[in-house]
Amino acid sequence: MGDSNQKLHAIMISFPFQGHITPFVHLAIKLASKGFTITFVHTEFIHHQITKSQPHKTIEPQVFSEARKSGLDIRYTTITDGLPLEFDRSSNMKQYWDSIMQVFPTHIDEFVNNMVKSHPLSAFFLVTDTLYAWPATIAKKYNFVIVSFWTQPALIFTLYYHLDLLIKNGHFASNEPKDLTSTLQETDTTTLVHRVTFKAFEEVKKADIVICNTVEELESETISALHQKSPIYAIGPIFPPRFTKSTVGTSLRAASDCTEWLNTRPHGSVLYVAFGSLVSISEHDMAEIAHGLLLSEANFIWVLRPGTIGSDGTNILPVGFEDSIKDR
């Protein structure tokens, strides 16, 4: 990474989905507060989505402007993911993922090359999402250290990391072990998600350090076992001070403030239902979930993003459902 007189400079690149972006932003602030120089990279599309989601459309091109005002050395830039901004990614997820995996790395390579040439006194290292399959190639080319950031629990990491053992013992592509993730139970292992995940976990074994957004005390046995194979460290939870009032834009969609409603409900009485950035469900499943919520008589918050049912951007609730739940 260079001699001791060079300043440590992290180039940080998250996976372009909500559950990855938020911890990456918080980690950038945390590292910068410890004296690191940070160059944070978003795709142009993600920057556009964050900008569009702001309630007053006042977000500055420099997303970390407030952090910089407090003295943190965080630079911010955007790179194309290989597709035009107007391309409908939610309706063409395969093409989007293909571009992220095959075209985006070329633009990253060009960007890193320019960074190295323009900052000769910096000791660069990469902090990249574990789901990317290209960091080892970039790191080898520029003699960078790779820090792979896994934004989920360590238990999920170890399942994919030890895929060879799951296959050997007949647990992979079998719906028998109900406590495994759905991806590992599915018998069709040729899907895009499978290909991306398998390739990423081949590459993560080349990382110099793996950091995980988990708590050591909660997953001590898993972390300890993984240490026998890879230098992995629990660094979570990754929240900056007063994170609920963060001035750094992370949300890809306009937020809904439920605070006032939540404050009128008893402690621990509200059920939260959400499907993340990617999952689509059938109209039948949507109706079944709605029916279950109705019968539960529980207070709940149900997040329904555009595209939850299919890819047409509409969400279909059973007729009369909203009237039946009243103020629950």
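Computed from the coordinates by the stated procedures, all read-outs in this text should not be read as laboratory data. What you are looking at is a predicted structure, and each value in this text was computed from that prediction instead of being measured. FYI the Cβ positions are ideal-geometry reconstructions off the backbone, even for glycines, and counts take in every protein chain you see.
Details
- Panel note: the C-alpha atoms of segment 154-233, placed on their principal axes, show extents of 33, 24, 22 Å (largest first).
- Gain on full stretching of the segment that runs from A287 to D88 - 0.36 nm per residue minus C-alpha separation: 69.0 nm
- Relative contact order of segment 4-153, defined on C-alpha pairs under 8 angstrom at six or more residues apart (%): 29 percent
- Per residue, the convex hull spanned by the alpha carbons of segment 86-197 comes to 140 Å³.
- The stretch between E221 and K69 holds 50.6 nm of extra length on full extension. This uses 0.36 nm per residue minus the Cα-Cα distance.
- Estimated from helices alone, the mean residue ellipticity of the chain at 222 nm is -10500 deg cm²/dmol (sum of -39500 (n - 2.57) over DSSP H runs with n ≥ 4, per residue).
- Volume per residue for segment 34-128 equals 123 cubic angstrom (convex hull of Cα atoms).
- Here segment 98-141 is treated as a sphere whose radius is the Kirkwood value from Cα pairs; by Stokes-Einstein at 4 °C and 1.567 mPa s it diffuses with a coefficient of 115 µm²/s.
- R0 of 22 Å, Cβ-Cβ distance K206-Q228: FRET efficiency to nearest 0.05: 0.80
- Excluding same-chain neighbours fewer than eight residues apart, the lysines reachable from K199 by a Cα-Cα span under 21 Å are K94, K140, K141, K168, K229.
- In plain terms, the C-alpha convex hull of the chain casts an average shadow of 19.4 nm² when viewed from every direction.
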